[in-house]
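Okay, so here's the structure we're looking at.
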Amino acid sequence: MTMRKTAISLPEDQLMRLKAAEAAGRIPSVSGHIQELLRREEETAEVDETLRRLFGDLPPGDEHQKWADRALGVA
């Protein structure tokens, strides 16, 4: 994947929290953290679209929830 550099504007308090998290080793870097957040957002949108195609505008039923709980090992 080709990487390109761009500038974004963030409120100072957010930027300071991100830089502090980077310095503490909780995130790899400010840009890496933002990349991960965007990746998760895209993944969530894909999952939401798949669920919409499967179920339309109706939420999954109880049987679907029970199956998911079993599949994920949730008691």
- Item | On Cα atoms only, tilt of 12-23 relative to the major axis of the chain in degrees | 90
- With all protein chains present, the chain has a carbon and sulfur share of its accessible area (1.4 Å probe) in percent of 55
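Roughly how many Å² is the accessible area per residue of the chain, as a whole number, for a 1.4 Å probe? Let's see the in-between values first.
Values: 6930 Å² over 75 residues.
It amounts to 92 Å² per residue over the chain.
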- How far apart, in nm, are the 7 Å Cα→Cβ label points at Ala21 and Glu46? 2.2
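Using only helices, what value at 222 nm comes out for the chain when you add -39,500 (n - 2.57) per DSSP H run of length 4 or more and divide by the total residues, to the nearest 500 deg cm²/dmol?
Mean residue ellipticity at 222 nm (helix-derived): -21500 deg cm²/dmol.
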- Query: Going by alpha carbons, how many degrees (0 to 90, nearest 10) lie between the helix axis of 62-72 and the longest principal axis of the chain?
  - Reply: 60
- Note on the structure: Quotient of Cα radius of gyration and Kirkwood radius for the chain, i.e. Rg/Rh, equals 1.16
- Message: Would any residue of segment 1-19 have its amide N under 13 Å from a label point 7 Å out along Cα→Cβ of Ser29? List them or say none.
- Response: 3-6
- Angle between the Cα long axis of helix 30-55 and the longest principal axis of the chain, 0 to 90 degrees, nearest 10? 20
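The values are calculated or read from the model by the stated rules, or taken from the named source; none is laboratory data. Bear in mind that the values here come from a model prediction, so they are computed numbers and not experimental data. We place every Cβ from the backbone using ideal geometry, glycine too, and count neighbours over all the protein chains shown. These accessible areas exclude ligands, DNA and RNA; they are computed on the full protein's heavy atoms, side chains included. Shrake-Rupley method; radii C 1.70, N 1.55, O 1.52, S 1.80 Å.
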